[in-house]
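*Asks:* Before anything else, here's the structure in question.
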Amino acid sequence: MRMQTKKARLPFILALCLCLVFALSACGKTTDDPVSEDVEATAASPVSGETEEYKSVLVVYFSHTGTTKGVSEYLHELVGGDLIEIEPVNPYPEGYSDALDPAKQEQRENARPEIANEIEHFDSYEVIYLGYPIWWGTTPMIINTLLESYDFSGKTVVPYATSGGTGIGQSIKDIRSKISDADVKDGLLVKSNDDIIPWLQGMGLYE
Ligand SMILES: Cc1cc2nc3c(=O)[nH]c(=O)nc-3n(C[C@H](O)[C@H](O)[C@H](O)COP(=O)(O)O)c2cc1C
């Protein structure tokens with residue numbers, strides 16, 4: 001009698017096992033699917049976001065011997081946005097003293113040295129940090145080329161410069177005279193990177 005009862009239960013136990021196997025595999029599927037969907041969604045969204053949205057902050061600079069470049073890279077770390085170095089079509093002689101005469105000549109001729117690279121979607125920028133070395137008391141002439149190549153009206157322009165000692169004042173006057181429809185800030189002659197955060201905070205451009 002007992003043997004017969006066991007035999008009678010066997011199909012029921014087998015059916016139960018089958019159900020369990022199905023149930024487990026179904027469970028595995030429902031937990032796997034959302035995870036793989038989530039991974040795809042997360043991987044796709046930043047890429048599309050970055051390509052579709054333009055930044056509103058630009059750090060653009062010219063540098064001959066690298067000092068303004070170093071300052072610009074640090075500033076860019078603080079304020080974000082895009083970082084663009086202005087490249088002359090005809091590069092200046094490398095050494096400091098070799099560049100003095102060509103730069104003076106350009107100033108005498110009120111030249112507009114050509115810029116090799118373009119700034120894309122310039123319209124999207126609202127705040128433009130503009131960096132340069134002081135050359136013969138003011139901006140290098142290639143900065144004038146830049147100011148006349150794009151429409152700066154309505155933009156906030158924040159100049160900064162490096163020099164061997166000359167102040168930034170004359171260059172600010174010259175920039176304002178070129179782009180009178182922009183809000184050109186007083187600017188900073190950067191002697192040390194430590195000056196930058198307090199300067200930005202004073203303008204309400206950094207917290
Ligand atoms: C052509 C030329 C003209 C310069 N004129 C001045 C000047 O009038 N006053 C000054 O203090 N420094 C002057 N300098 C020094 C630069 O402003 C200084 O070395 C600056 O930090 C260089 O920056 P950069 O390395 O980004 O080119 C001049 C340098 C060059 C090459």
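The values are calculated or read from the model by the stated rules, or taken from the named source; none is laboratory data. These figures come from a predicted structure and were not determined experimentally. Here the Cβ is made from the backbone with ideal geometry for all residues, glycine too, and neighbour counts use every protein chain on show. Only protein heavy atoms, including side chains, enter the accessible area calculation; ligands, DNA and RNA are left aside. Shrake-Rupley method; radii C 1.70, N 1.55, O 1.52, S 1.80 Å.
*Asks:* Based on the mean of other Cβ atoms within 10 Å per residue, sort peptides 142-153, 111-122, 79-90 so the most packed one is first. All intermediate terms of the calculation are to be shown ahead of the outcome.
*Replies:* Working: 142-153: 18.3, 111-122: 13.5, 79-90: 15.3.
Output ranking for 142-153, 111-122, 79-90: 142-153, 79-90, 111-122.
*Asks:* Still on this structure, I have one more. May I ask you to list the residues of region 104-131 whose amide nitrogen lies under 13 Å from a point 7 Å from Cα along the Cα→beta-carbon direction of MET203?
*Replies:* 126-131
*Asks:* Any idea of the accessible area per residue across region 107-207, 1.4 Å probe, to the nearest Å²?
*Replies:* Working: 5040 Å² over 101 residues.
Here the per-residue accessible area is 50 Å².
*Asks:* Residue by residue through region 77-84, what is 3J(HN,Hα) from phi via Karplus (6.51 cos²θ - 1.76 cosθ + 1.60, θ = phi - 60°)? Round to whole Hz and write x for glycine and proline.
*Replies:* Taking θ as phi minus 60°, the curve returns 4, 7, 9, x, x, 9, 10, 10 Hz for region 77-84.
*Asks:* What is region 57-202's relative contact order, in percent, from Cα pairs under 8 angstrom and six or more apart in sequence?
*Replies:* On the way: 246 pairs, mean separation 33.2, N = 146.
Relative contact order for region 57-202 comes out at 23 percent.
*Asks:* R0 = 45 Å: FRET efficiency of ASP101 with TYR54, Cβ-based, nearest 0.05?
*Replies:* Numbers: r = 40 Å, r/R0 = 0.90.
Efficiency computed from Cβ-Cβ geometry: 0.65.
*Asks:* Here's a follow-up. Can you tell me the convex hull volume per residue for region 91-207, based on C-alpha atoms, in Å³ to the nearest whole number? Could the numbers behind the result be given before it?
*Replies:* Values: hull volume 13.7 nm³, N = 117.
Spread over its residues, the Cα hull of region 91-207 gives 118 Å³ apiece.
*Asks:* Could you give each residue of region 126-135 its phi-based ³J(HN,Hα) in whole Hz, using Karplus coefficients 6.51, -1.76, 1.60 with θ = phi - 60°, and x for Gly or Pro?
*Replies:* Values, residue by residue: 9, 10, 10, 8, 10, x, 6, x, 6, 10 Hz.
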